[in-house]
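Before any comments, here is the structure.
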Amino acid sequence: MSSSIKQSVLFDGTAHITVLLDRTNDRALRHRLLLLLNVLMKVPVNVEAYVSVGGCVLAVDILTTIHEASERTSIPLQSNLIAATAFMEKHKRLNIKTFGRIKIIS
């Protein structure tokens with residue numbers, strides 16, 4: 001990491017970044033905003049701005065969403081597999097008999 005990132009950063013737009021994080025649907029932008037907020041939270045003034053615009057509630061919402069998403073990923077795949085195998089047709093064996101030019105499939 002560069003020395004500029006390791007230093008404490010005073011930033012006037014912490015509240016704006018927090019609101020932008022709450023309203024964006026872009027996954028890449030959300031990821032970058034979380035990285036930026038991670039650095040900004042090392043300065044108490046930035047923490048106060050974050051909390052004043054509902055950052056704590058946003059953090060709880062994000063953690064809840066992540067937790068629910070991690071639980072949902074394993075269970076539906078298993079249940080879909082069970083449901084899919086329950087409705088699969090049994091493999092059929094095809095017998096092909098040739099009589100001259102005529103093929104009979106049974």
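Computed from the coordinates by the stated procedures, all read-outs in this text should not be read as laboratory data. Just so we're clear, the structure is a prediction, and the values are computed from it rather than from any experiment. Ideal geometry is used to build each Cβ from the backbone, glycine not excepted, and the neighbour counts take in all protein chains shown.
Data for the structure
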{"item": "Proximal charge balance of residue 53 [Cβ under 15 Å; K/R count +1, D/E count -1]", "result": "-3"}
{"item": "For the range 30-70, diffusion coefficient by Stokes-Einstein and Kirkwood Rh (Cα), 25 °C, 0.890 mPa s, µm²/s", "result": "225"}
